[in-house]
1. In nanometres, what is the gap between the two model label sites at residue 281 and residue 74, each 7 Å from Cα along Cα-to-Cβ?
2. If you average the alpha carbon positions of the range 155-203 and of the range 251-296, how far apart do those two centres end up, in angstrom?
3. Over all directions, the average projected area of the alpha-carbon convex hull for the range 7-309 comes to how many nm²?
4. Count the DSSP beta bridges whose two residues both fall in the chain, then state the antiparallel fraction as a percent rounded to the nearest 5.
5. DSSP loop GluC sites (Glu not before Pro) in the range 210-310 with at most 16 other Cβ atoms within 10 Å of their Cβ, which ones?
6. Taking the Cβ of residue 203 as the center, what net charge do the other residues with Cβ under 11 Å away carry, scoring Lys and Arg +1 and Asp and Glu -1?
7. Counting only pairs 8 or more residues apart or on different chains, how many lysine pairs in the chain have their Cα atoms under 23 Å apart?
8. So what J values fall out for the range 101-110 if you push phi through Karplus, 6.51 cos²θ - 1.76 cosθ + 1.60 with θ = phi - 60°, rounded to Hz, Gly and Pro as x?
Amino acid sequence: MPETIPSIILDCDPGHDDALAIVVAARHTNLLGITTVSGNAPIESTTYNALVMKDLLGLDVPVHKGAMCPLVAEPQYATYVHGESGLDGADLPAPTSTIDSENAVEYIIDTCRATEGIWLVPTGPLTNIAMALRLAPDVGHRIAGISLMGGGTFGNRTTSAEFNIWVDPEAADIVYKYGGPLIMAGLHVTHQFRATQPRIDVVKAMPGQLASVLGDLMQFFTNMYMSRHHGMDGGAVHDPLAILVLTHPHLFTRKNAHVVIELTGTHTRGMTVIDERDLREVKDGNCDVLMTVNAQEAFDVMTQAIKYFSH
Ligand code: BDR
Ligand code: CA
């Protein structure tokens, strides 16, 4: 059972693992709204995919379309993992829902001003969140915190940079400096949470349309990962961990550390530089860096959430 029921806004770029994050959020949080961002695919596609998930789950939550490009950098997509659509690999039912607005940033600001104590959960590039914090600095004081998927002690898009941070490092810089509670699910923990074949088969064996679609999506995602890596036994299901740490914190270990974003390095732009030195001179931590996850238990929580919605 979840330990707490946080109120959240999920800011995402679906994306296979974002789609799974939506399922976990729908089951275990008070999901106030979904905002979309350009990332795994162009904004039109990530927004379409969010609407697909909303309808598949039968959710009554608003979907607000967000930034079409990063603050400074040119847009970049992750077709090499998620396919051209951002959600390749399954027959997706066309959504009947439509977006509630084209202004995710305004929605985030208004909602955080109307209700104190919301968690912002970004699982894509941090463009929308950074814009909200810049346009309305009071939002940073009104929220419970930010729990994000991004960064890590190693990279995936480059040697040192993880995709979400690498796409919009200037936005990440704003978020990491915002001054309130910050939790980071980086690659070193998300790579522990893999969709292995036995775990995918559990989902495929479940009845209902949702499980069938998600089983196909997980299979595509894992096949892509296994074809691109030497020794991975399944796709790293990154994004649900940013939710699960809020709802099932006992499944994680963490370490508070000072983390900054590299903006200018020739080989390191977009890196999350985590200060792990045991020295008194080290600055106070600004981020809870997740270190380990109980992967099997966390996967069981996610699988049960799929089952809950799959009829
Ligand atoms: C992150 O990048 C995207 O491809 C995934 O959805 C995840 O948010 C992992 O680097
Ligand atoms: Ca994502």
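1. 4.0 nm
2. About 12 Å separates the Cα centre of the range 155-203 from the one of the range 251-296.
3. Projected over every direction and averaged, the Cα hull of the range 7-309 covers 14.5 nm².
4. 40 percent
5. On the way: sites: 262, 276, 281, 297; in loops: 262, 276, 281.
Passing sites in the range 210-310 are 276, 281.
6. Summing Lys/Arg as +1 and Asp/Glu as -1 gives +1.
7. The number of close lysine pairs in the chain is 7.
8. Couplings: 6, 9, 10, 4, 5, 4, 4, 4, 4, 4 Hz.
Laboratory data are not the source of any read-out in this text; all were calculated from the coordinates shown. Predicted model only: the values in this text are computed from it and were never measured. Quick reminder, even Gly has a Cβ in these numbers, built from the backbone with ideal geometry, and neighbours come from all protein chains shown.
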